[in-house]
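The values are calculated or read from the model by the stated rules, or taken from the named source; none is laboratory data. What you are looking at is a predicted structure, and each value in this text was computed from that prediction instead of being measured. Neighbour counts run over all protein chains shown; Cβ positions are idealised from the backbone, glycine included.
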Amino acid sequence: MTHANTILKLSGLGCAACASKVEDVLNSLPGVISVSVNLEESVASVEYDPASVDLDIMIAAVKEVGYGAGPSV
Ligand SMILES: [Cu+2]
């Protein structure tokens, strides 16, 4: 399994509960290996298997739980 890392820019996070909601939904995606959300910077750092999951899937999953997400660049 190959590993890749990406940073997602998040929006709409109000508190630590929002951050853990985003963390949970990303962690639930097949192919996501680890997730770390930084609430102050509103970013999620994701380690994943690019054969199983991609940025579009992650962004859609975050939007589904009510927050904004996009690529960091
Ligand atoms: Cu919150």
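Listed values, structure above:
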read-out: Test: residue in segment 22-33 that is in contact with a strand residue (DSSP E or B) (Cβ under 8 Å, 6 or more places away or on another chain), polar (S, T, N, Q) and in contact (Cβ under 8 Å) with a residue 12 or more places away in the chain; value: no
read-out: Residue match in segment 37-57 (condition: within 16 Å of the ligand (Cβ to nearest atom) and in contact (Cβ under 8 Å) with a residue 40 or more places away in the chain); value: no
read-out: Any pair with Cβ under 9 angstrom, 6 or more apart, that starts in segment 9-21 at a residue that is within 12 Å of Y67 (Cβ to Cβ) and modelled with pLDDT of 95 or more and ends at one that is near the ligand (Cβ under 7 Å from one of its atoms) and assigned to a helix (DSSP H, G or I); value: L10/C18; G12/C18
read-out: Residue within segment 49-59 that is on the phi > 0 side of the Ramachandran plot and either surrounded by 13 or more Cβ atoms within 10 Å (Cβ to Cβ) or not small (G, A, S) (or both) present; value: no
read-out: Index of the failed condition, V73 passing every other in (1) without any contact (Cβ under 8 Å) to a residue 12 or more places away in the chain; (2) within 16 Å of the ligand (Cβ to nearest atom); value: (2)
